[in-house]
Amino acid sequence: MPFENSESVCSEKGLPQKTVGFIVNPIAGMGGAVGLKGTDGKEILNKAVSLGARPVAPARAKSFLSEFSQYCRDTRLFVGAGSMGEEEAKACSITHTVLGGKKNETDSEDTTRTAKLMADEGVALLVFCGGDGTARDILNAVNMRFPVLGVPTGVKMHSAVFAVTPQAAARVTARFLLDELPLREAEVMDVDEKAFREGHLSAQLYGYVLAPYEPHLIQANKIASPMTESELRNQVAISIYIIEEMRPDVIYIVGPGTTTRTIGDLLDSKKTLLGVDLFRDRIMIASDVNEKQILDAICGKTAQIIVTPIGGQGFVFGRGNQQLSPRVIHQVGLNNIVVVATESKLRSLRTLRVDTGDADLDGIIREHKLRLVTDYKTEHSAKVE
């Protein structure tokens, strides 16, 4: 619904028209489904494309804009040129002003340059679609000059500047423009992608940006599991129970994390910490697989997904395990998903979340209670938000 054809919610509140900047990193998230854990750098992008990677950002940008078009309808919208926001705004029939020049291939400098142009226009809020790398570009461009908000689009999203979904980002934007939300300093985190692909997770704090604060709609920064004796015992107890429950000829798709890695350790297999691995008959049959490899392996077979939520954030799907795509989840079936989490991890979470990139599937998962294993022979039915 175009802004100019609708009565403004903001105007109904008696507030002056405000401006929003909107930038899309068009390659963000492309490395996820193909198992590359990011797309920083042209070489990795080319490799992702050669593996069949498809753009993720445009659809998520449109999800944000479609939802946002229902709120504050006469808000003035500045967008990046071409694939950096202009194309998505046109597709959603939203009135906009383009900043910068259109390019066939964009990079981090284009993000930084466009963000600075929006700063010069005095936007009230800058919304960007990307991951942690894009958040760093935004930080470099605007620092703490005005608030920013991330639409989760990347593979790595450790920073505390992202909404939990594109739709949530639209609701946060609307509430902020109505002066209903406070601001906070949000951490911008990122990891070394090369080390990340080699199984080493080392997150670094790059700085802070101002961001609207709504704890139910904005994700927290990722928190590593504490390596205490009780935590390790809990991980082992969960893993023993999972192994005892494994059935012959079933393909077990085991996601990243320290709890799931313990399953591999007890099976004398070197499971990847940050990748997805396949097991059958208690033997690892494939390591660090991508979406296509998973789909090929489970075609015509019974399969089960075993995942652990992201510490501090609670995401079961959609953060760091995009190989477990909507197509994989549909083929496996919701009744064959097992979530494993230690008691201490669960205590640190507000809720379990899902953001697969398929809004319809997310809705189905939220209506379904997932099997949750928290200790040896200790299970619950868990709701997901």
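Observations on the model:
- Filtered by the rule that a residue be within 23 Å of the chain's Cα centre (by Cα) and hydroxyl-bearing (Ser, Thr, Tyr), the stretch 274-305 gives a lone residue, SER287.
- Members of the stretch 120-165 that are among the charged types (D, E, K, R), surrounded by 24 or more Cβ atoms within 10 Å (Cβ to Cβ) and assigned to a loop (DSSP other than H, G, I, E, B): LYS156
- Any hit, the stretch 327-336, residues being within 27 Å of SER269 (Cα to Cα), at pLDDT 95 or above and touching a His at 6+ places or on another chain (Cβ under 9 Å): yes
- Residues within the stretch 52-92 that are closer than 20 Å to GLY318 by Cα and out of contact with any Asp or Glu (no Cβ under 8 Å at 6 or more places or on another chain), tallied: 11
- So LEU117, is it modelled with pLDDT of 95 or more, in contact with a strand residue (DSSP E or B) (Cβ under 7 Å, 6 or more places away or on another chain), surrounded by fewer than 24 Cβ atoms within 10 Å (Cβ to Cβ) and in a helix (DSSP H, G or I): yes
- Residue match in the stretch 337-345 (condition: over 14 Å from the mean Cα position of the chain (by Cα) and surrounded by fewer than 18 Cβ atoms within 10 Å (Cβ to Cβ)): yes
- Residues (in a helix (DSSP H, G or I) and free of Cβ contacts under 8 Å to residues at least 40 places away in the same chain) located in the stretch 307-343: PRO326, ARG327, ILE329, HIS330, GLN331, LEU334, ASN335, ASN336
- Any hit, the stretch 302-313, residues being touching a helix residue (DSSP H, G or I) at 6+ places or on another chain (Cβ under 8 Å) and farther than 30 Å from GLN167 by Cα: yes
- The condition of being of a type in the set (A, V, I, L, M) and over 25 Å from PRO309 (Cα atoms) holds for only one of MET144, MET157, that being MET144.
- Qualifying residues in the stretch 357-382 (those that are modelled with pLDDT of 95 or more and among the hydroxyl-bearing types (Ser, Thr, Tyr)) - the one surrounded by the most Cβ atoms within 10 Å (Cβ to Cβ): THR374
- Some residue of the stretch 246-255 being in a loop (DSSP other than H, G, I, E, B), surrounded by 16 or more Cβ atoms within 10 Å (Cβ to Cβ), within 19 Å of the chain's Cα centre (by Cα) and not acidic (Asp, Glu): yes
- Qualifying residue in the stretch 326-347 (condition: of a type in the set (Val, Ile, Thr), out of contact with any helix residue (DSSP H, G or I) (no Cβ under 9 Å at 6 or more places or on another chain) and closer than 16 Å to TYR252 by Cα): yes
- Residue count for the stretch 344-358 satisfying the condition of being of a type outside the set (Val, Ile, Thr) and assigned to a strand (DSSP E or B): 2.
- Residues within the stretch 256-284 that are surrounded by 16 or more Cβ atoms within 10 Å (Cβ to Cβ), at pLDDT 95 or above and among the charged types (D, E, K, R), tallied: 2
- ASP40, sole failed condition from (1) crowded, with 16+ Cβ neighbours inside 10 Å; (2) modelled with pLDDT of 95 or more: (2)
- Scan of the stretch 359-385 for residues that are touching a residue at least 60 places away in the same chain (Cβ under 8 Å), in a helix (DSSP H, G or I) and either of a type in the set (D, E, K, R) or not assigned by TED's automatic domain parsing to the domain that holds THR260 (or both), ordered by number: ASP362
- Long-range neighbours under 8 Å by Cβ, at least six apart or interchain, first residue among the aliphatic types (A, V, I, L, M) within the stretch 220-231, second at pLDDT below 75 and surrounded by 11 or more Cβ atoms within 10 Å (Cβ to Cβ): ALA224/LEU201
- Filter result for ALA195 (modelled with pLDDT under 95 and surrounded by fewer than 19 Cβ atoms within 10 Å (Cβ to Cβ)): yes
The values are calculated or read from the model by the stated rules, or taken from the named source; none is laboratory data. The structure presented is a predicted model; accordingly, all values stated were derived computationally and were not measured. Cβ: placed from backbone, ideal geometry, glycine included. Neighbour counts: every protein chain shown.
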